[in-house]
Ligand SMILES: Cc1ncccc1N[C@@H](C)c1ccc2c(c1)OCCCO2
């Protein structure tokens, strides 16, 4: 039978793509709740409810220190920001709406860049 050859994805530009995507997330007008780690002293209950905190500055740090195995592990961390936001914030709240807007923006941009 014919030998099965896995089509390798070209991951050459993935690091540059992550940097572009992260810069666009940080520059978005609705990014303000996600730019730095949530200070659990300023936000009662956050530390208990959110098991894996994540924010854009932490993602930037991890990217700079080569902590992401590939594009997928980067996207997992970005989605963690938005999933944490949905878990802790009402949809109909300032931060909740910002999270939905940012997720919509991210989904659109990485699909454009990678599809
Ligand atoms: C993403 C997220 N989810 C849930 C709660 C907060 C946050 N973001 C942090 C950065 C934040 C935003 C607004 C804040 C705040 C802290 O300090 C307490 C006073 C009100 O103003």
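Read the figures in this text as sums done on the coordinates, not as results from a lab. These numbers come from a predicted model, not from an experiment. When we count neighbours, we look across all protein chains shown, and the Cβ atoms used for this are built from the backbone with ideal geometry, even at glycine.
Miscellaneous remarks
- For region 46-79, a tally of residues being in contact (Cβ under 8 Å) with a residue 12 or more places away in the chain, within 16 Å of the ligand (Cβ to nearest atom) and in a loop (DSSP other than H, G, I, E, B) returns 5.
- Residue 47 surrounded by 12 or more Cβ atoms within 10 Å (Cβ to Cβ) and more than 19 Å from residue 78 (Cβ to Cβ): yes
- When region 84-102 is limited to residues that are outside any helix (DSSP H, G or I) and more than 7 Å from the ligand (Cβ to nearest atom), the one that is surrounded by the most Cβ atoms within 10 Å (Cβ to Cβ) turns out to be 93.
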